[in-house]
Amino acid sequence: MVENRSNIVLLVNDHQAFYGHHGIKRPHFDRLAAEGTRFTNAYCASPLCSPSRKTMLTGLYPHNHGQTDNSFETPIDSSQTYLDILKDHGYDNYYFGKWHASEGTPSDLGCWFVILI
């Protein structure tokens, strides 16, 4: 019997600003926010893209996971990622978009993925 699990969609979009412009129409984002969980007080562990993405992936600060700049030379090491936890609980993981978290690709962590160029 398959366990009844909720779908999990984590959207990370770079460089989106609202700045109080109420004329912007974004009904799909608004619906997802209304029906899901919003992180309204989240902060970056680093002002750089790659260290921040790897921090979200591992839950570790950049000085602990080793990705302190935007190079892709730091592999995903033995640190457990949220993708590992989801896979251990029977989820199929998919990754769509920029990886920019380490060398390699999301498939190295067992994800189905599409790379955007």
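Per-residue answers, yes or no, for (1) surrounded by fewer than 16 Cβ atoms within 10 Å (Cβ to Cβ); (2) aromatic (F, W, Y); (3) under 14 Å from the mean Cα position of the chain (by Cα); (4) not in a helix (DSSP H, G or I):
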| residue | (1), (2), (3), (4) |
| --- | --- |
| K25 | yes, no, no, yes |
| A33 | yes, no, no, no |
| A42 | yes, no, yes, yes |
| S46 | no, no, no, yes |
| P51 | no, no, yes, no |
| N64 | yes, no, no, no |
| Q80 | yes, no, no, yes |
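Flag not set for D84, criterion: among the acidic types (D, E) and either surrounded by fewer than 16 Cβ atoms within 10 Å (Cβ to Cβ) or more than 16 Å from V9 (Cα to Cα) (or both).
Quick one: is Y95 within 28 Å of N4 (Cα to Cα), modelled with pLDDT of 90 or more and either in a helix (DSSP H, G or I) or not β-branched (V, I, T) (or both)? Answer is no for this residue.
Applying a threshold of 8 Å to beta carbon distances and a minimum spacing of six or more residues, or different chains, the list of pairs starting in segment 26-40 at a residue that is at pLDDT 85 or above and ending at one that is assigned to a loop (DSSP other than H, G, I, E, B) reads L32/V9; L32/L11; G36/V9. Tell me whether segment 65-72 contains one or more residues that are under 12 Å from G110 (Cβ atoms) and among the β-branched types (V, I, T). No; the residues of segment 65-72 include none that is under 12 Å from G110 (Cβ atoms) and among the β-branched types (V, I, T).
The values are calculated or read from the model by the stated rules, or taken from the named source; none is laboratory data. A quick note: this is a predicted structure, and the numbers were derived from the prediction, not measured. Positions of Cβ are generated from backbone atoms using ideal geometry, with glycine treated the same way; all protein chains shown enter the neighbour counts.
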